[in-house]
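The values are calculated or read from the model by the stated rules, or taken from the named source; none is laboratory data. Just so it is clear, the model here is predicted, and its values are computed rather than measured. For neighbour counting, all protein chains shown are included, and Cβ atoms are generated from backbone atoms with ideal geometry for every residue, glycine included.
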Amino acid sequence: MKKLLTLTAIFIIAQIKVNAQGCVAVRQMGGIGAMCSSSSYHLDKGDIQVGANYRYFHSWRHYVGTEEQKQRQALGNAVNIFSHAIDFNISYGITNRLQLNLTIPYVHNERSQTLTMNKDSVSKALTRYSVYAHGLADVRFGLNYWVTDPAKAHTGNLMIGFGIKLATGKHNTVDDALQKDGTTKSSVNDQAIQPGDGGVGFSIEFQGFTKIYKSIMGFANGYYLFNPKESNGTYKSAPSSTPGLAGYELYACPDQYFIRGGFMTSVLKGKNLTFSLAARMEGIPAYDVLGGQVAYRRPGYVVAVEPGVTFQKKQHTISLFVPFNFIRNRIQSAADIAQQNIKNSGVTDPAKLVHVQGDAAFADHSISLGYTYRFSTSKKKH
């Protein structure tokens, strides 16, 4: 039972990664493949772990800061995003403490939006239409290292990792967008549904677990992606001629972050069935840690409570996690602040100062379904 709880804890903290939350385009990330096995929580030298993780969400609630813009639903002009993503993961045990990971993601995204069309010279009609983007997203490589020898750490351990995110996903896909006169025009898709962000980045991450009490274990993992490239060269809109705003019409290559922690226990002893409950926070900052800041992004974050269930039998592991967002916050972007500063320059009356802050659509929840299989070359029994 202790082995089951331990390996399931590692599966939980390794398998679930950040997924997009809507117009705040937090893409799938994390270089860690699932490390669950039938006999131990780590990969022995020469062991191979393969798996896939499917994620889905539908964003439709618009927020400015933490305030929901309910009028968007009432008026029928809310942006809806439907996202399907699948990660193919493979991990290889270089030693029993060091492992190499590869993640190959594929996405299929839809953005449903509205346009006020000119039916005739007098009347207008609000029309909804969809654009699509799909294909290979940004591939990730990672190395992870157990701080304590797994052969000696049976009730807890800590893994640290470093990863590279490649710019393999397209950041400039186009689709036929509806025009006011009823025709369509090939236009660049919104940043939120692009398969990639156009930048090469690197990440640091950690994950750990520890026994709390009897069959209850605690776990945590965190991740930060540094994306030094300022923008990917794709125009959101026509170049701005306003002094101080040039460059903000280009899509950014933003940093991303994620932190998660919770508890898990086996409910049906001997049945290889484990339940978990965690809190998680994920998002995009307004400013990158490295690189320039003059580019367009929708920064923000969500905080969610995440129940999960994991079933394991021999080399097979299946999991289901459904995080429910209870805090959604579309924070001010660098572009918002730049525009706000320009509008307020020369204003001496505090009552006349303006606040500029864009909105973003968020999902109520997301669904993550994962499967892994381990090929073990180790002849010893754990």
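Of all the listed residues (K352, K343, K313), the sole one being over 18 Å from the mean Cα position of the chain (by Cα), within 23 Å of Y54 (Cβ to Cβ) and charged (D, E, K, R) is K313.
Do the conditions hold for I94, that is, is it surrounded by fewer than 21 Cβ atoms within 10 Å (Cβ to Cβ), in contact with a Phe, Trp or Tyr (Cβ under 6 Å, 6 or more places away or on another chain) and of a type outside the set (K, R)? Spelling it out, it is not the case that I94 is surrounded by fewer than 21 Cβ atoms within 10 Å (Cβ to Cβ), in contact with a Phe, Trp or Tyr (Cβ under 6 Å, 6 or more places away or on another chain) and of a type outside the set (K, R). On inspection, G182 fails the criterion of being buried (at least 16 other Cβ atoms within 10 Å of the Cβ), of a type in the set (G, A, S) and out of contact with any helix residue (DSSP H, G or I) (no Cβ under 7 Å at 6 or more places or on another chain).
Criterion first (of a type in the set (D, E) and under 29 Å from Y41 (Cα atoms)) does E282 satisfy it? Yes; evaluated as a whole, the condition is true for this residue. Residues of the range 231-240 that are crowded, with 22+ Cβ neighbours inside 10 Å and among the basic types (K, R): none at all. The listed residues are A295, A246, A338, and the only one of them that is over 30 Å from T155 (Cα atoms), hydrophobic (A, V, I, L, M, F, W, C) and in contact with a Cys (Cβ under 9 Å, 6 or more places away or on another chain) turns out to be A295.
To keep it simple, each residue is scored yes or no on (1) in a loop (DSSP other than H, G, I, E, B); (2) hydrophobic (A, V, I, L, M, F, W, C).
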{"site": "T114", "(1), (2)": "no, no"}
{"site": "R128", "(1), (2)": "no, no"}
{"site": "G142", "(1), (2)": "no, no"}
{"site": "P150", "(1), (2)": "yes, no"}
{"site": "G161", "(1), (2)": "no, no"}
{"site": "I164", "(1), (2)": "no, yes"}
{"site": "K170", "(1), (2)": "yes, no"}
{"site": "K185", "(1), (2)": "no, no"}
{"site": "D197", "(1), (2)": "yes, no"}
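Applying the criterion of being of a type in the set (A, V, I, L, M, F, W, C) and in a loop (DSSP other than H, G, I, E, B) to the residues of the range 342-360, the residue that is nearest to G244 (Cα to Cα) is V356.
If the condition is being crowded, with 17+ Cβ neighbours inside 10 Å and of a type in the set (S, T, Y), then the range 57-77 contributes S59, Y63. Restricting the first member to the range 322-349 and to residues that are closer than 30 Å to P307 by Cα and free of Cβ contacts under 8 Å to residues at least 40 places away in the same chain, and the second to residues that are of a type in the set (G, A, S) and outside any loop (DSSP other than H, G, I, E, B), the beta-carbon pairs closer than 9 Å and six or more apart or on different chains are F326/A304. Run I216 past the list (1) aliphatic (A, V, I, L, M); (2) surrounded by 13 or more Cβ atoms within 10 Å (Cβ to Cβ); (3) more than 29 Å from W60 (Cβ to Cβ) and report the number of the one that doesn't hold. The single condition I216 does not satisfy is (2).
Does S231 count as in contact (Cβ under 8 Å) with a residue 12 or more places away in the chain and in contact with an Asp or Glu (Cβ under 7 Å, 6 or more places away or on another chain)? Considered against the rule, which asks whether it is in contact (Cβ under 8 Å) with a residue 12 or more places away in the chain and in contact with an Asp or Glu (Cβ under 7 Å, 6 or more places away or on another chain), S231 comes out as no. For the residues Y296, Y373, the requirement of being touching a residue at least 24 places away in the same chain (Cβ under 8 Å), among the hydroxyl-bearing types (S, T, Y) and more than 30 Å from Q99 (Cα to Cα) singles out Y296.
Kindly establish whether T95 is within 18 Å of N144 (Cα to Cα) and in contact (Cβ under 8 Å) with a residue 60 or more places away in the chain. Against the criterion (within 18 Å of N144 (Cα to Cα) and in contact (Cβ under 8 Å) with a residue 60 or more places away in the chain), T95 does not qualify. Under the condition of being of a type in the set (V, I, T) and at pLDDT 95 or above, the residues counted in the range 149-186 number 5. For first residues located in the range 190-205 and more than 12 Å from R297 (Cβ to Cβ), partners that are acidic (D, E) and lie 6+ apart or on another chain with Cβ distances below 6 Å form the pairs G196/D138.
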